[in-house]
Amino acid sequence: MTHPIDSIEFASLLCSRLCHDLLSPVGALNNGLELMADETDPDMRQRCLDLLADSARTSANKLKFFRLAFGSAGGFGDAVPPHEAKVAIEGMFASGRVKLGWMVEEQMLAKLAVKVLLNLALIAGDALVRGGQLDIGAEKRPGVTEIVVRGEGPKVILDPELRAALAGTLPAGGLASRTAAAWMVRALVMEAGGEIVLSPPGDSVLLFGAAIPDRSE
């Protein structure tokens, strides 16, 4: 089951998670600006500019992802083009550490399906601690949208508490900022009358599946 939680408490946990993820690239921007202020060597100034550009790009990529994964996806209607999700995921793994396999042919997906897809992709990608292959598929069938996320690499580690949050076995009071996104995914899918499945612990391949009923029917 998914334990109830105060909405303000959950918002605080999720905000803490987002701030933590943005702290590094934004801090690098600040460091780059401070270096630029005192640097006169042309080569070093160029390095500072490169650092600023990289940090700005990373910050923008994270914000684009967070907007779709955790926000209301303003600017879209009830559905989102899957290409937007693909671009957001590519931005989060722009370093090349994780290779993306995209198997989504649908022209549009419901906002809920996109939110679930993005969060499962992020959790699986982060579990590929030494990089690897992240494959994502989604398909609409009569009355349901099915999502599959598969991660494979030299070392795959899914935090037990993240697994518990996705499986609905996280103890009451055990929710923290790092498990908030996984808890949210579980809660959203269950609220929609759907289900989430996970591959067993210890498998060399990490597999997530989600089935989300079409609430318009």
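Take the conditions farther than 26 Å from LYS99 by Cβ, of a type in the set (A, V, I, L, M, F, W, C), within 17 Å of the chain's Cα centre (by Cα) and modelled with pLDDT under 95 and apply them to ALA187. Does it pass? Yes. Candidates are the residues of the stretch 43-97 that are open to solvent by 70 Å² or more (accessible area, probe 1.4 Å) and among the hydrophobic types (A, V, I, L, M, F, W, C); the one that is farthest from THR145 (Cα to Cα) is MET44. Would a scan of the stretch 155-169 turn up a residue that is among the basic types (Lys, Arg) and in a loop (DSSP other than H, G, I, E, B)? The answer is yes; a qualifying residue exists. For the stretch 55-94, name all the residues that are within 22 Å of LYS140 (Cβ to Cβ) and among the basic types (Lys, Arg). Hit for the stretch 55-94 is LYS86, nothing else.
Here the stretch 194-206 is the region considered, the condition is being over 12 Å from LEU166 (Cα atoms) and in a strand (DSSP E or B), and the residue that is most open to solvent (accessible area, probe 1.4 Å) is VAL205.
Please specify each residue of the stretch 122-158 satisfying the condition of being among the acidic types (Asp, Glu) and open to solvent by 50 Å² or more (accessible area, probe 1.4 Å).
ASP126, GLU139, GLU146, GLU152
Restricting attention to the stretch 32-83 and to residues that are assigned to a helix (DSSP H, G or I) and aromatic (Phe, Trp, Tyr), the residue that is farthest from GLU105 (Cα to Cα) turns out to be PHE66.
For the stretch 100-121, the candidate set comprises residues that are open to solvent by 10 Å² or more (accessible area, probe 1.4 Å) and among the aliphatic types (A, V, I, L, M); within that set, the residue that is farthest from ASP214 (Cα to Cα) is LEU100. Looking only at residues of the stretch 174-193 that are farther than 19 Å from LEU122 by Cβ and in contact (Cβ under 8 Å) with a residue 60 or more places away in the chain, we find that the one that is least open to solvent (accessible area, probe 1.4 Å) is ALA192.
The values are calculated or read from the model by the stated rules, or taken from the named source; none is laboratory data. Just so it is clear, the structure is predicted and the values come from calculations on it, not from any experiment. Reconstructed Cβ throughout: ideal geometry from the backbone, glycine too, with neighbour counts over all protein chains shown. Ligands, DNA and RNA are excluded from the accessible area calculation, which covers all protein heavy atoms including side chains. Shrake-Rupley method; radii C 1.70, N 1.55, O 1.52, S 1.80 Å.
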